[in-house]
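Below is one structure, written out as structure tokens; comments come after it.
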Amino acid sequence: MLKKTAKEKQENTIGSLKKRIKKANVCLADQEKAKELENSQLALMNMLEDVEDARKKAEEEKEKTSAVVKSLSDGLIVLNNKERISLLNPQAERMLEIPQKELVGKNIEEIGSSARLASLARALKDWSKGMFRREVLIDKDLIIEVSTVSMVIGGAELGMMLILHDITREKTVERMKTEFVSLAAHQLRTPLSAIKWTLKMLLDGDVGDINDSQKELLEKSYQSNERMIGLINDLLDVTRIEEGRYLYQPVLSDLVSIIESVVENGKDDIKRKGLSLEFKKSNSRIPRIMMDAEKIKLVIQNLLENAVRYTPSGGKIVISVSADKGKIEFQIADNGIGIAKDQQPKIFTKFFRGSNVIKVETEGSGLGLFVSKNIIEAHGGQIWFESKEGEGSVFHFTLPVKKELEEFLKEF
Ligand code: ADP
């Protein structure tokens, strides 16, 4: 056997050392990889936990929203951007008497199975996207106020919410109140007429002579009774407007002569109060138009009475009328006590009286302008005012002039 040389021995030792180092390196790399793997696993677990938390939170939020939607006292219908029903709460199901599963995914107009839904669909027919609020008679015992709200997030239109608010009770109470006022007003009219004619007979001396102080007292009673009759008539007008029974009988009429007759009737009151009145007639021709002359007369009377009532002695009232661009405009200006800015939006509401007028004039019902607005709007016109407290007011109204009628009248 050949004896290994020292060099060979050395080489063998180096070789085995190299192998062991290599092995050790492989071991080390494996350990690092394992560590890396472990870290990645940990990160993944954390991420999964976060995702689970987020999912739970989203679930909770969804449940909360669903609880809110379900417990709303109003009915709620959500339409997607293709106008198909995507959600309906139990109140809406109850109001429409149709289960959610029969509606989801469908277009309201496509569903003709429920009479109630058909009423809602009819009301929504002329809804052009955007805000909409309307009273809808869903059934004989259900009146709802439908409001639409568009759902827009980041400029993208997600759809529309329909909120159904049951107003049956309010409407019933309102109707009963109107009926009561109407009944009471009718019942009061007869005795007030009887008082009026009795006082008139006494004043005219039909039942014997009366002395001056008796006459003065009777005249005061007569005027108070007249005011009461006026108030009852106002109340009857309001109840008729609210019940939709305030009928208009339009005939071809001349606004200028109506104004003249109102001014003539108000002359004594104006003089008594120490006011001056000017009626500025327009140079241009004021066409005759179709209108309910009695009701327009009532509007002018209301406006003139207000100007007289709310203008202190020495004041001035100016009436003018003009015709322009398919309409006639009436104006009445006074330099009276005016209307406070914060109260101006309420002026046409029923029973509203300005705080400044209550101090100077106890008489008045707050009904004149409400009735006047209804009359003008029923004629297709507009009524508005400008006013400054302490300086005066200008009330305006317009009445439309129908072109065809004007052309036709020119022939005569
Ligand atoms: P009334 O005159 O019976 O109170 P109206 O409906 O005619 O009721 O008017 C409502 C309110 O509008 C008045 O109470 C008053 O506050 C205000 N108003 C109307 N016209 C005038 C006016 N010319 N000047 C000042 N205030 C006015």
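The values are calculated or read from the model by the stated rules, or taken from the named source; none is laboratory data. Predicted, not measured: the structure shown is a model, and the values here were computed from it. Please note: Cβ atoms are built from the backbone with ideal geometry, for glycine as well, and neighbour counts cover all protein chains shown. Remember, those area values only see protein heavy atoms, side chains included, never the ligands or the DNA or RNA. Shrake-Rupley method; radii C 1.70, N 1.55, O 1.52, S 1.80 Å.
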How far is helix 168-203 tilted off the main Cα axis of the chain, in degrees rounded to 10, range 0 to 90?
10 degrees
Inter-part gap, Cα centre of segment 175-230 to Cα centre of segment 1-77, in whole angstrom, is 101 Å
Give me the dipole magnitude in Debye, nearest 20, for the chain about the Cα centre, with unit charges on the beta carbon: positive for Lys and Arg, negative for Asp and Glu.
2700 debye
In percent, how large is the relative contact order of segment 291-339, given Cα pairs closer than 8 Å and 6 or more residues apart?
35 percent
Most mobile of Ala121, Ala58, Ala333 in a GNM of the chain (Cα contacts under 10 Å)
Ala58
Which value, in Å² and to the nearest 10, is the accessible area of Leu28 when all protein chains are kept and the probe is 1.4 Å?
100 Å²
Dividing the mean separation of Cα pairs under 8 Å (6+ apart) by the residue count of segment 4-127 yields a relative contact order in percent of 12 percent
Please calculate the 1.4 Å probe accessible area of Met151, with all protein chains present, and give it to the nearest 10 Å².
50 Å²
For Phe132, enumerate residues with amide H under 5 Å from its amide H, sequence gap 5+ or separate chain, H modeled in the peptide plane.
Thr148
P(r) tail fraction, segment 251-410 - alpha-carbon pairs more than 27 Å apart, %:
23 percent
In deg cm²/dmol and to the nearest 500, what is the mean residue ellipticity at 222 nm of the chain if only DSSP H runs of at least 4 residues count, each as -39500 (n - 2.57), divided by the residue total?
-18000 deg cm²/dmol
Out of residues 5 or more away from Lys402 or on other chains, whose amide H comes under 5 Å of its own, with H placed 1.01 Å from N in the peptide plane?
Met290
Binning at 10 angstrom from zero up to the longest distance, how are the C-alpha pair distances of the chain distributed in percent?
4, 13, 16, 16, 14, 10, 6, 4, 3, 3, 3, 2, 2, 2, 1, 0, 0, 0
Report Val360's accessible area, 1.4 Å probe, all protein chains in place, as a number in Å² to the nearest 10.
90 Å²
Rounding to the nearest 10 and keeping the result within 0 to 90°, find how far the Cα-based axis of helix 368-378 lies from the longest principal axis of the chain.
70 degrees
Tell me the chymotrypsin sites (Phe, Trp or Tyr not before Pro) within segment 95-192 that lie in a loop according to DSSP and have at most 13 other beta-carbon atoms within 10 Å.
none
In percent, how large is the relative contact order of the chain, given Cα pairs closer than 8 Å and 6 or more residues apart?
9 percent
So for His379, His396, His165, what's the accessible-area order with a 1.4 Å probe, most first?
His165, His379, His396
Compute the acute angle (0 to 90°) between the alpha-carbon long axis of helix 255-272 and the principal axis of greatest extent of the alpha-carbon atoms of the chain; round to the nearest 10°.
70 degrees
